[in-house]
Amino acid sequence: MAEIYIAFVDTPGFFAGIIRRVIKQKYIHVAISLDPYLEEAYSIGRRHPSVPLIAGFEKEDKYKILRAFPDADYMVCSVKCTSEQKKYIEQRLNEAMEQRFRYHYAVLGLPFILMNVPFYQKNHYTCSSYLAKLLEEAGVCRWEKHFSLVTPKDFYEYEEKEKIYEGSLCEFALRSRKRTEKKRVLAFSFMRPAYAGAAYIINFLKRGVNL
């Protein structure tokens, strides 16, 4: 078995407040990630964290989001899948990233969500409708409604997920950075004998040349 990860985002702001009141939930944005630290996370969302009106498919940068919204909260959940399903999702995300400027936020679809009427405009999605369509096509999730009507609340209530983190984005980013630094230290420790051996050979050859 493999796992994918769903990030639930709570950011402050005027538009976020409107969405929060409509869906009656704290978390108003979802993103999908291939790893639990959101190094490979994607969504239909803001191209620039501080500019809400420009949105499309993007790779999310938690550090940019943190700079724009230092008080943001995150919840990260894992969802089990097969290795084949994860590879399919990764391939689709890579393809979407290559053509990311063809994807747009489904502004026209928002009133239809309120009326519970399915609506789809080519390459236009909300953050949750894109994930719903992708995961349904991959065979990971099944929804009892059209993907265009799926909201972050549906993902929040999805029973097959497992919460692995909930708290401030600041703390989450700090954990991620510490993990990255630890990996670098371990990698350096592993390579240290090789570096030492190479340095010994170089010094030996230099002494030989001097002789």
Flagged in the stretch 61-77 as buried (at least 18 other Cβ atoms within 10 Å of the Cβ) and either of a type outside the set (Lys, Arg) or over 20 Å from residue 27 (Cα atoms) (or both), in numbering order, are 65, 66, 69, 72, 73, 74, 75, 76, 77
A careful count of residues in the stretch 136-153 that are in contact (Cβ under 8 Å) with a residue 60 or more places away in the chain and either part of a helix (DSSP H, G or I) or crowded, with 20+ Cβ neighbours inside 10 Å (or both) gives 4
Requiring at least 2 residues that are in contact (Cβ under 8 Å) with a residue 60 or more places away in the chain, the strands (runs of 3 or more DSSP E) wholly within the stretch 36-90 are 41-48, 73-81
Within the stretch 179-188, can one find any residue that is at pLDDT below 95, surrounded by 11 or more Cβ atoms within 10 Å (Cβ to Cβ) and part of a helix (DSSP H, G or I)? yes
Just to be sure before I move on: is residue 156 at pLDDT 95 or above and surrounded by 13 or more Cβ atoms within 10 Å (Cβ to Cβ) in the structure I sent?
no
When every residue in the stretch 27-52 that is farther than 15 Å from residue 97 by Cβ and of a type in the set (Ser, Thr, Tyr) is compared, the one modelled with the highest pLDDT is 37
Output for Cβ contacts, cut-off 6 Å, separation at least six or different chains, first residue within 20 Å of residue 21 (Cβ to Cβ) in the stretch 96-114, second small (Gly, Ala, Ser), reads 105/55; 109/148
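Matching residues to (1) among the polar types (S, T, N, Q); (2) within 17 Å of the chain's Cα centre (by Cα); (3) over 30 Å from residue 178 (Cα atoms):
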{"residue": "105", "(1), (2), (3)": "no, yes, yes"}
{"residue": "108", "(1), (2), (3)": "no, no, yes"}
{"residue": "119", "(1), (2), (3)": "no, no, yes"}
{"residue": "135", "(1), (2), (3)": "no, yes, yes"}
{"residue": "147", "(1), (2), (3)": "no, no, yes"}
{"residue": "151", "(1), (2), (3)": "yes, yes, yes"}
Counted residues in the stretch 154-178 being outside any strand (DSSP E or B), under 14 Å from residue 132 (Cβ atoms) and under 17 Å from the mean Cα position of the chain (by Cα) come to 2
Screening 96, 55 for residues that are surrounded by 18 or more Cβ atoms within 10 Å (Cβ to Cβ), touching a Phe, Trp or Tyr at 6+ places or on another chain (Cβ under 6 Å) and modelled with pLDDT under 95 leaves only 55
Considering the stretch 5-26, residues that are over 16 Å from residue 153 (Cα atoms) and not aromatic (Phe, Trp, Tyr), and then whichever is modelled with the lowest pLDDT, we arrive at 13
Review point. Under 22 Å from residue 24 (Cβ atoms), among the β-branched types (Val, Ile, Thr) and not in a loop (DSSP other than H, G, I, E, B): does that describe residue 113?
Key: yes
Somewhere in the stretch 166-176, is a residue crowded, with 20+ Cβ neighbours inside 10 Å, aromatic (Phe, Trp, Tyr) and more than 17 Å from residue 5 (Cβ to Cβ)?
no
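The values are calculated or read from the model by the stated rules, or taken from the named source; none is laboratory data. Note that this is a predicted model, so its numbers are computed, not measured. Counting neighbours? That spans all protein chains shown, and the Cβs are built from the backbone with ideal geometry, glycine included.
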